[in-house]
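Structure, as structure tokens:
No value in this document is a laboratory result; all are computed from the given coordinates. This one's a predicted model, so the numbers in the text were calculated from it and none came from an experiment. Neighbour counts are summed over all protein chains in view; Cβ atoms, including those assigned to glycine, are modelled from backbone coordinates with ideal geometry.
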Amino acid sequence: MATTLTLSSKNYSSWSLRGWLMARFAKIKFKEEMVGPDDLDARAELLLLAPSVRVPRLTHGDITVWDTLAIGEYLNEIKPDAGLLPAEAGARAHCRSICGEMHSGFSALRSALPMNLKANFPNFPVWSQAKGDIERVVEIWHDCLARYGGPYLFGPRRTLADAMYAPVATRFLTYNVPLDETGAAYCQTIMAMPEMAEWMADAKLEPDDIEELEVEF
């Protein structure tokens, strides 16, 4: 069955990265279709201007799914053996909860630390509201890693939660956010995944910059 995943920027789009990782974790074969930065829907998504966007978008035969959480749930349905959600009901509910929290929350973190994989800001001043979001993310990581044993959030197997929080790990590295040993170790676990290395390599080849996301301090 023909499968296409429509993405926007690999350098700037955290939601594209999440959807792409979910598809890779599911081991589904798909063709990538990139939308240029001049596309109004894609630009709205990248600049946090749209309440509802349709990138990333999974087209699987005659079925089209957009919104990253919906993509993850659909992939779990068609690839139940991929382990995108934990097997145990309590852990599965926990996984859905923290994925939902990432999906609907952390607006200060998104605004203050936009994803930019090519950049590095060693002395970046973080807004106080964003610090609260950072503390909550690290709290989630600590809880999951302690409860399920790591190295991923729900144990030895990658889940939707790791895909949802992977862009945050990249943000922490881009902006040199100070982390404790547990938080830093989880970031390194995420960045060591071969899928992340592939995505990062592609991001660095992107020729176009979006000026509004090139913050300088």
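Among rounded, prolate and oblate, which fits the stretch 89-199 when a ≥ b ≥ c are the square roots of the eigenvalues of its C-alpha gyration tensor, a/c under 1.5 means rounded, and a/b larger than b/c means prolate? Taking the square roots of the gyration eigenvalues as a ≥ b ≥ c, the stretch 89-199 is prolate. The length gained on full extension between residue 182 and residue 111, counted as 0.36 nm times the residue separation minus their Cα-Cα distance, comes to 23.1 nm. Take each peptide in 28-35, 147-154, 166-173, 180-187, count the other Cβ atoms within 10 Å of every residue, and average; sorted highest first, the result is 166-173, 147-154, 180-187, 28-35. In this simple spin-label approximation, residue 2 and residue 142 carry label points 7 Å from Cα along the Cα→Cβ vector, and these lie 5.1 nm apart.
Highest-first packing order for the peptide set 94-102, 116-124 is 94-102, 116-124, based on the mean count of other beta carbon atoms within 10 Å. Each peptide in 64-73, 132-141 gets a packing score, the mean of other Cβ atoms within 10 Å over its residues, and the list from highest to lowest is 64-73, 132-141. Short-range pairs are left out: with C-alpha atoms under 8 Å and at least six residues apart, the relative contact order of the stretch 89-199 is 31 percent. Per the Debye formula on identical point scatterers at the alpha carbon atoms of the stretch 52-113, with no solvent, log10 I(q)/I(0) at q = 0.13, 0.20, 0.21, 0.27 Å⁻¹ is -0.44, -0.90, -0.95, -1.15. Given contacts defined as C-alpha pairs under 8 Å and at least six residues apart, what's the relative contact order of the chain, whole-number percent? 24 percent. [x] 62, 34, 32; [y] 47, 43, 30; [z] 52, 50, 39: which one is Cα extents along the principal axes in Å as calculated from this entry? The value computed from this structure is option [y].
What the phi angles of the stretch 23-35 give under the Karplus curve with 6.51, -1.76 and 1.60, with θ = phi - 60°, is a coupling list of 5, 5, 4, 6, 6, 9, 7, 8, 9, 8, 10, 8, 9 Hz, glycine and proline written as x. Using θ = phi - 60° in the Karplus curve 6.51 cos²θ - 1.76 cosθ + 1.60, the 3J(HN,Hα) couplings for the stretch 130-143 round to 5, 4, x, 5, 4, 4, 5, 4, 5, 4, 4, 4, 4, 4 Hz; x is entered for Gly and Pro. The simple spin-label model puts a point 7 Å past each Cα toward its Cβ; for residue 200 and residue 62 those points are separated by 4.3 nm. Helix-derived [θ] at 222 nm for the chain: sum -39500 (n - 2.57) over DSSP H runs of at least 4, divide by residue count, nearest 500? Value at 222 nm, helices only: -16000 deg cm²/dmol.
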